[in-house]
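**Q** Have a look at this one before I ask anything.
The values are calculated or read from the model by the stated rules, or taken from the named source; none is laboratory data. Keep in mind that this is a model prediction, so the values were computed, not measured. Every residue, glycine among them, receives a Cβ derived from its backbone with ideal geometry; neighbour counts consider all protein chains shown.
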Amino acid sequence: MASPAATRPSETLDRILRDYQAVAARLPDAAVTRDARAHAVRELSRYGWPKASDEQWRYTNLRAFEAVPAFGPAVPVPELLLPELAPELPPALPGFQRLLYVDGVRQLGAAASAAATATTTAGPDWPAEQRFGLLCDMFASDVAALRIRGSAAVEVLFLTSAAAAGAACYPRLQVALEPDSELKLVERHLGAPPAPTLVCANIAIELGRGARLMHYRLQQCGPRTAFADTLDARLAEQASYSVRQVAIGAGSARTSAQVRLSGRGAALSWQAIAVGRGQQVHDAALKVEHLAPDTRTEEVFRGIADERARIAFSGHIHIAACAPGSDARQSLRGLIEGAGAEIDLRPRLEINTDEVKAQHGATTGALDENLMFYLLARGIDRSTARALLKWAFLGDVLRAIDLREVRRAAEQGAAGQLPDVVAIGALT
Amino acid sequence: MTSAADPLAPPLLDIRDLHVKVGGQEVLRGISLVVRAGEVHAIMGPNGSGKSTLAHVLAGRPGYEIVSGSASFEGRDLFALAPEQRARAGLFLGFQYPVEIPGVNNAYLLKAAVNAARRERGLAELDAFEFLSVVRTKIRLMQIDESFLSRGVNEGFSGGEKKRNEILQLLVLEPKLALLDETDSGLDIDALKLVANGINSLRAAERAIVLVTHYQRMLDFVVPDYVHVLARGRIARSGDRTLALELEKRGYDWIGEQAAA
């Protein structure tokens, strides 16, 4: 963690604070309370803008975030202009309630159905690793707030319109599941504004005793987008949180996530893929804290970096002294496809108690020559074999997406990053 | 000899004085072997004698240094062809340890492999319907459940299932030369009979089979025309099936001693 005292306010931080002063008066209390915004300003000023020399930020393309023309939120798009300014919406998911947010603001048109109840909950006390979340707390204009009792299925679409180009959007999602409730949640980030644009999302999850959340996350923003998402989840006793994350869009992306397994028997399954090409940068930092006995983590990451892309994943699992009987498994794998590509995987298990099961593995490299030879020995040409093996590499996570429509969207998105996969028709 | 081969026919596979190194060590030290269409050869030998190396070198596995010698397949220089070209030309390697490729399903692999070979022969590619009708008969022969087609290649298969899958691929691809590297290893007697049945169904005048094996028992079911014993990277002895029976009784040591002498 960076030492706040050592961090001098940078030029970027000055710009952020100036932009905030310019818009603060018109930001709605309903999305984030005035106190919470003020707290975020203080915290960000205290920690400062991240630097590449900070351990948890060294792989983030900070320049892309610093190059955002304005940090103030985009002006809401009048509903009449939406069809022109917002990209086409994906087909509705059967059985799901859809909530549509354009440039971070809720749309109540035909595409959106019943309203969720907004709350004014302040964001958690973000550590330095998650300071982009503070930006969202400062500037957010709206919030998708879900409090679930019983069983529900909700799709939240966050679209960035062409009108937001050159500005910033602050999607905000708060989910609270009451004890023994269940939610299937699809969170998608879409849109390709034609100029550099910041999308800075903040997601807060709170699961009550025995609650179950299946969270499908698809980030498919356009190449001019600098995308940051900050996620904070807390799990009570016997709660279960499953994340299936697909990061394929944006020119530069950063995920900062923290999951706290606070109650006995709480379980996290985090399975993610990132596929980058061109000069894309995908950086993710996930910290899981086992704070109670018999808690479980399963963490799987698969990343492919093609051309000159850079992909990084930091997986830190901390098992506290008060969490005997914990079980943590971590499998991180990276595939370097491009001559100028880079993958950085950082597994870290920190165990402060006995009686735990823990295993981790991280490998980065090229395609497995044994698998390649097997396909060649069946007469498959080299380029097809490469494409098939790349597709297979992502298979662990893609197959774990148990919603057919979401898996299809994830597969199509991933295949779009791997043109040779599309060419051979592996996507069936 | 039970060979269906024409002794005057040109060789399908012609290996001459082949020397191969792996990691700087000479593993094959002057192999010469002629295989004609219609013949079944068994290559036997103790562990480390070079028999699997021979099969993999012929199929084009990287990591081997061909020091000298030659191998031709239907008159073409085999070593000038990439592995996939050798396969499409009609050379099939059955793996001792077939790899698992989750995420690539069996049907996709089989169809792509069949159509690659058909393109090479100037034949029209099979469409999905034609492919299925071909593959279904072979699946039944190998007693494999049809649901396996939609599963990942060898994903979660037992050792025996992997070997059956190798033979299924062999049956569907109908190569001119099948090199089967210890296909019998790890099989119980029922699986061995099933695999042998599959191999025997493919015996034909236009096709040759080379069985690489450590044990004689496979040869009770797939009876070879010729048996060759490798020792220290050379063919130490060749004969007919009775040689395999002799090895069963006496082991490999006496061959090794002769080779050393």
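**Q** Would you check if there is a residue in the stretch B:4-16 being surrounded by fewer than 17 Cβ atoms within 10 Å (Cβ to Cβ), touching a Ser or Thr at 6+ places or on another chain (Cβ under 8 Å), more than 11 Å from chain A (Cβ to nearest Cβ) and over 26 Å from residue B:155 (Cα atoms)?
**A** yes
**Q** What are the pairs with Cβ atoms under 7 angstrom where one residue, in the stretch B:144-169, is within 21 Å of residue A:392 (Cα to Cα) and the other, located anywhere, is outside any helix (DSSP H, G or I) and among the β-branched types (Val, Ile, Thr)? Sequence gap at least six, or different chains.
**A** Close Cβ pairs satisfying both conditions: B:152/B:101; B:152/B:104; B:153/B:101; B:153/B:104; B:154/B:99; B:154/B:101; B:166/B:183.
**Q** Search the stretch A:366-392 for residues that are under 16 Å from residue B:100 (Cβ atoms) and pair each with any residue that is aromatic (Phe, Trp, Tyr) when their beta-carbon atoms are under 7 Å apart and the residues are at least 6 apart or on different chains.
**A** Between residues of the stretch A:366-392 that are under 16 Å from residue B:100 (Cβ atoms) and residues that are aromatic (Phe, Trp, Tyr), the close pairs are A:374/B:95.
Residues checked against (1) modelled with pLDDT under 95; (2) within 17 Å of the chain's Cα centre (by Cα); (3) among the aromatic types (Phe, Trp, Tyr):
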{"position": "A:107", "(1), (2), (3)": "yes, no, no"}
{"position": "A:112", "(1), (2), (3)": "yes, no, no"}
{"position": "A:141", "(1), (2), (3)": "yes, no, no"}
{"position": "A:144", "(1), (2), (3)": "yes, yes, no"}
{"position": "A:154", "(1), (2), (3)": "no, no, no"}
{"position": "A:196", "(1), (2), (3)": "yes, no, no"}
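Residue by residue, here is whether (1) hydrophobic (A, V, I, L, M, F, W, C); (2) crowded, with 20+ Cβ neighbours inside 10 Å holds:
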{"position": "B:43", "(1), (2)": "yes, yes"}
{"position": "B:46", "(1), (2)": "no, no"}
{"position": "B:76", "(1), (2)": "no, no"}
{"position": "B:81", "(1), (2)": "yes, no"}
{"position": "B:90", "(1), (2)": "no, yes"}
{"position": "B:101", "(1), (2)": "yes, yes"}
{"position": "B:123", "(1), (2)": "yes, no"}
{"position": "B:128", "(1), (2)": "yes, no"}
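**Q** Then there is this: Taking the residues in the stretch B:46-89 that are more than 14 Å from every other protein chain (Cβ to nearest Cβ) and assigned to a loop (DSSP other than H, G, I, E, B) as candidates, determine which candidate is nearest to residue B:19 (Cα to Cα).
**A** Across the stretch B:46-89, the extreme among qualifying residues is B:50.
**Q** Taking residue A:379 as the residue in question, decide whether it is surrounded by 23 or more Cβ atoms within 10 Å (Cβ to Cβ), on the phi > 0 side of the Ramachandran plot and not assigned by TED's automatic domain parsing to the domain that holds residue A:251.
**A** Numbers: surrounded by 23 or more Cβ atoms within 10 Å (Cβ to Cβ): yes; on the phi > 0 side of the Ramachandran plot: yes; not assigned by TED's automatic domain parsing to the domain that holds residue A:251: yes.
So residue A:379 fits the description; yes.
**Q** Pull up the stretch B:90-128, narrow it to residues that are more than 7 Å from every other protein chain (Cβ to nearest Cβ), under 17 Å from the mean Cα position of the chain (by Cα) and not in a loop (DSSP other than H, G, I, E, B), then point me to the one that is nearest to residue B:162 (Cα to Cα).
**A** B:94
**Q** State all residues of the stretch B:183-196 that are within 15 Å of the chain's Cα centre (by Cα) and surrounded by fewer than 21 Cβ atoms within 10 Å (Cβ to Cβ); if no residue qualifies, say none. Walk me through how you get there before you give the answer.
**A** Pass one, the stretch B:183-196, residues within 15 Å of the chain's Cα centre (by Cα): B:183-185, B:195-196.
Result: B:185, single match.
**Q** Can you tell which of A:320, A:312, A:284, A:274 is over 18 Å from the mean Cα position of the chain (by Cα) and outside the structural domain of residue A:206 (by TED's automatic domain parsing)?
**A** On the way: A:312 fails: over 18 Å from the mean Cα position of the chain (by Cα); A:284 fails: over 18 Å from the mean Cα position of the chain (by Cα); A:274 fails: over 18 Å from the mean Cα position of the chain (by Cα).
Testing whether each residue is over 18 Å from the mean Cα position of the chain (by Cα) and outside the structural domain of residue A:206 (by TED's automatic domain parsing) leaves just A:320.
**Q** How many of the residues making up the stretch A:382-397 are modelled with pLDDT under 90, within 19 Å of the chain's Cα centre (by Cα) and surrounded by 21 or more Cβ atoms within 10 Å (Cβ to Cβ)?
**A** Looking only at that region, the number is 0.
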